[in-house]
Amino acid sequence: MKVNKFWLIYIVIKLFYMFSALFVYSRFTKLGDTKGYLSGLEYDLNIVFLNSTHMMSFLGSSLSFFLGPTFANLPFLFLSIYGIFYAVKRLKLNNRELFLLLAILSFPSFGIWTSIASKEAVAVFFMGIILGFIIDLIKRNPNKNHFLVVIAFYLCIVFKPQYLIGIGSLIVFHYMCRKFSLNGIGKLALLGFFFILSFFSLYIFRHEINELSFIMPIHFSLEAGSTRENTIWLDDFDVFWNAPYGMFISFFGPTVNEALAKPTHLLAFIESLFIILVFFYGLLKLTLMSINIGRLNVYYLGIFLTAALWILFVHYPFGALNPGSAIRYREAFYAFLVILFYFGYTEVKRRYHIEKLMQSE
């Protein structure tokens, strides 16, 4: 079987990140809970399949016993690669498109945190499988990996159950569009209904969410070098009023002042800035294509927004108070959002070229 050279290069890059993380990056900052997972400090066999931390400790220590503390990271590295491969291969990209996508998925922060024994590496795996399943639904591909999809959803429930809100919203939006054969106006109305229903759901659970927001600062010690003073959740319902800024900063990571104060934060700041610019460039090209043909593809806009907005909202309490945590936890869903956006971008671009060709004839 012929293996695409870009995938081989990507594997080499991931291996480079793994060794860099273990032997270079770890000298400047702590690699999360990786050391604890590999030493098996905390796991109870009675709940090992129901708790993500216990599962990671069990798997990490078992792999470390057989492979050693360095190569025990390899299975997690290949898990993350397979998750990306599973979703990307369904996009049917040419070599140029594949190169660009893998380049975006080769940024240092993502490479480091998903190439070692980490929850983020596992998350990239199950989010990739779920995204592949979603793309199969959208493209009407026959899905022959039902067992793998079930495993992915199970892991999502154990590791990141909050992501299921966004995933479920995406699937429902797709189902409603197809079930009722909605036209552009109908899809736009459905997207508007999604926003209304989302705000209504938040309103119903406003008191519970408000109480949880005041608990979050307890989990972030000010003694940690990067932790910010809590100025986000001071008054009742600040969790909602400050959500737009919180969703942005918890994805972006360091502020300008934090970037200037610490070299590692400066690198993360530059990386995040580049990521945002890439997204804006893609959005600008989609906008220009829509203007040229006089029509907006509401379907793919809705597919992306229904998932992205919910995932960013449930992520923001975990990253708003610490830029390091923001960058690290972002990697769990980063590939999911990038591939989903690129999927919509390439589909719209191909339809745009078909329509322009038809108009020229």
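Observations on the model:
- Among the residues of this structure, Tyr10 does not count as one that is touching a Gly at 6+ places or on another chain (Cβ under 8 Å), part of a helix (DSSP H, G or I) and in contact (Cβ under 8 Å) with a residue 40 or more places away in the chain.
- Test: residue in the stretch 44-60 that is open to solvent by 20 Å² or more (accessible area, probe 1.4 Å), of a type in the set (A, V, I, L, M, F, W, C) and part of a helix (DSSP H, G or I): yes
- Residue match in the stretch 2-15 (condition: over 30 Å from Lys92 (Cα atoms) and basic (Lys, Arg)): no
- Residues within the stretch 287-327 that are open to solvent by 30 Å² or more (accessible area, probe 1.4 Å), part of a helix (DSSP H, G or I) and modelled with pLDDT under 95, tallied: 7
- In the stretch 147-193, the residues that are outside any helix (DSSP H, G or I) and open to solvent by 30 Å² or more (accessible area, probe 1.4 Å): Pro161, Gln162, Phe180, Ser181, Leu182, Asn183
- Condition met for Leu45 (out of contact with any strand residue (DSSP E or B) (no Cβ under 8 Å at 6 or more places or on another chain) and touching a residue at least 40 places away in the same chain (Cβ under 8 Å)): no
- Qualifying residue in the stretch 257-266 (condition: surrounded by 17 or more Cβ atoms within 10 Å (Cβ to Cβ), among the small types (Gly, Ala, Ser) and within 21 Å of Phe333 (Cβ to Cβ)): no
- Residue check, Ile196 part of a helix (DSSP H, G or I), farther than 16 Å from Phe313 by Cα and either acidic (Asp, Glu) or open to solvent by 60 Å² or more (accessible area, probe 1.4 Å) (or both): no
- Note on the stretch 103-114: residues that are assigned to a helix (DSSP H, G or I) and either modelled with pLDDT under 95 or open to solvent by 10 Å² or more (accessible area, probe 1.4 Å) (or both) amount to 6.
- So Arg90, is it touching an Asp or Glu at 6+ places or on another chain (Cβ under 8 Å), assigned to a helix (DSSP H, G or I) and either more than 18 Å from Ala21 (Cβ to Cβ) or at pLDDT below 95 (or both): yes
- Selection status of Tyr25, open to solvent by 40 Å² or more (accessible area, probe 1.4 Å), under 24 Å from Ser325 (Cβ atoms) and of a type outside the set (A, V, I, L, M): yes
- Neighbours by Cβ (under 7 Å, 6+ apart or cross-chain): first from the stretch 234-247, open to solvent by 20 Å² or more (accessible area, probe 1.4 Å); second among the hydrophobic types (A, V, I, L, M, F, W, C): Asp238/Ile232; Phe240/Leu202; Asn242/Ile232; Met247/Leu312; Met247/Phe313
- Of all residue pairs spaced 6 or more apart or on separate chains, those with beta-carbon atoms under 6 Å, a first member in the stretch 278-298 that is within 11 Å of Tyr352 (Cα to Cα) and a second member that is of a type in the set (D, E, K, R) and open to solvent by less than 90 Å² (accessible area, probe 1.4 Å) are Ile293/Glu355.
- Some residue of the stretch 61-69 being surrounded by fewer than 19 Cβ atoms within 10 Å (Cβ to Cβ), touching a Leu at 6+ places or on another chain (Cβ under 6 Å) and either in a helix (DSSP H, G or I) or of a type in the set (D, E, K, R) (or both): yes
- Checked against (1) over 27 Å from Trp113 (Cα atoms); (2) over 24 Å from the mean Cα position of the chain (by Cα); (3) surrounded by 17 or more Cβ atoms within 10 Å (Cβ to Cβ), Thr231 meets all criteria but (3).
- Restricted to the stretch 209-262, the set of helices (runs of 4 or more DSSP H) holding at least 3 residues that are at pLDDT below 95 comprises 256-261.
- Checklist (1) assigned to a helix (DSSP H, G or I); (2) surrounded by 14 or more Cβ atoms within 10 Å (Cβ to Cβ) applied to Ala117, failing item: (1)
- Scanning the stretch 123-133 for residues that are more than 12 Å from the chain's Cα centre (by Cα) and open to solvent by 10 Å² or more (accessible area, probe 1.4 Å) turns up just one, Phe133.
- Against the test of being modelled with pLDDT of 95 or more and either closer than 30 Å to Ser213 by Cβ or acidic (Asp, Glu) (or both), the options Leu277, Leu284, Leu273 yield a single qualifying residue, Leu273.
The values are calculated or read from the model by the stated rules, or taken from the named source; none is laboratory data. Small disclaimer: the values here were computed from a predicted structure and weren't measured. Quick reminder, even Gly has a Cβ in these numbers, built from the backbone with ideal geometry, and neighbours come from all protein chains shown. The accessibility values were calculated without ligands, DNA or RNA, using every heavy atom of the protein model including side chains. Shrake-Rupley method; radii C 1.70, N 1.55, O 1.52, S 1.80 Å.
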